[in-house]
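> To start, I am sharing the structure in question, which I have written as structure tokens.
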Amino acid sequence: MDDTRNRRTWTDAQLSEAVASNPSWRAVARALGLKNTSTGSIRRHAARLELDSSHFTGQRRWTDQRLRDAVASASCWADVIFDLGIVDNGAERVRIKSHAVRLGLDCTHLKSPLAQPAPIDVFDEPFRPEMLRYSAAALAMAWFTLRGCAVAMPIEPQAYDLLVTTSSGIQRVQVKSCSARTSRGYWHVGIGRRPYVLDKSAGKMPYDPDSLDLFFIVLGDGGIYVIPSSVLAGRVSISAESYAPYRVGDASSLLGGASVEGDAPRGGSVHVREFLGFRGLTDPEGFAFDVYSGGEAV
């Protein structure tokens, strides 16, 4: 016998209807004209009546049953979260995992998508030559930084792309790239700039040699050249093969594994050492991808 029956303002039938038609215990309390502090008593009576509250979501947008279905059909927690239609972040993931534990769901089959990937899952996207122009500056920054030089980028457009601090002072570096050989097999590198006019068809003009100190050039086969601007003064294009003494490295391992053809120099360019004035260019372990096909490293 329920000794509190006469003190209640609602009947078992009203409680059953409220539980069936509301999404949370607080909503049930409001439906019965009670305060939120009455949810404990309501839940006890609901348990006595064996009422089904699995459809309750509270502030959630998913029900217990939907979570059960999502867990049963998923292979990882990311799939569960996607199936529930919520944002995958740390807080929501912990909340869903905790709720699954409270429901006693079997989650042993849910694995991280990063755990022991099969060979087919390893990132192996091919090298895209057309993207070299966008990555050349990053290669230059890494190259100089790994040699102990502080590198900065101008916040406003300048004739140079990078400012490199060396033991000889600050060097202004313009970065250029060439993704493919010409039909005759040469690396024809454009080193000019367009004049500041609205006509995009205007021909390129050489950089003022007083506005730059170095050109950093990376080729589609991985060859890296560092050439003083005074050497290239007045030019808008060059054939890289003509400047072999200024080739200082090989980034071919970053460009799909292709090796630089021909005999690579066995040491850093004397001209570059004169400009940069530090031992990084002759340190065999100075840069991870400055390794030539013949096993020599700069």
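> Looking for whichever is assigned by TED's automatic domain parsing to the domain that holds LEU255, more than 24 Å from ARG128 (Cβ to Cβ), among the hydroxyl-bearing types (Ser, Thr, Tyr) and without any contact (Cβ under 8 Å) to a residue 40 or more places away in the chain here; the options are THR165, THR182. Which one fits?
Details: THR182 fails: more than 24 Å from ARG128 (Cβ to Cβ).
The conditions single out THR165.
> So which residues in segment 160-198 are among the hydrophobic types (A, V, I, L, M, F, W, C) and either modelled with pLDDT of 90 or more or in a strand (DSSP E or B) (or both), if there are any at all? Step through it out loud before you land on a result.
Filtering segment 160-198 down to residues among the hydrophobic types (A, V, I, L, M, F, W, C) leaves 162-164, 170, 173, 175, 178, 180, 187, 189, 191, 197-198.
Correct list: LEU162, LEU163, VAL164, ILE170, VAL173, VAL175, CYS178, ALA180, TRP187, VAL189, ILE191.
> Suppose we filter segment 139-162 for residues that are among the charged types (D, E, K, R) and without any contact (Cβ under 8 Å) to a residue 24 or more places away in the chain; how many remain?
Going residue by residue through segment 139-162, those that are among the charged types (D, E, K, R) are 147, 156, 161.
Narrowing further to those that are without any contact (Cβ under 8 Å) to a residue 24 or more places away in the chain: 156.
The total comes to 1.
> Here's another thing I want to ask about it. What number goes with the only condition from (1) out of contact with any helix residue (DSSP H, G or I) (no Cβ under 6 Å at 6 or more places or on another chain); (2) in contact (Cβ under 8 Å) with a residue 12 or more places away in the chain; (3) part of a helix (DSSP H, G or I) that GLY33 does not pass?
Of everything listed in (1) out of contact with any helix residue (DSSP H, G or I) (no Cβ under 6 Å at 6 or more places or on another chain); (2) in contact (Cβ under 8 Å) with a residue 12 or more places away in the chain; (3) part of a helix (DSSP H, G or I), GLY33 misses just condition (3).
The values are calculated or read from the model by the stated rules, or taken from the named source; none is laboratory data. No experiment lies behind these values; they were computed from the predicted model shown. Methodologically, a virtual Cβ is constructed for each residue, glycine included, from the backbone with ideal geometry; neighbour enumeration extends over all protein chains shown.
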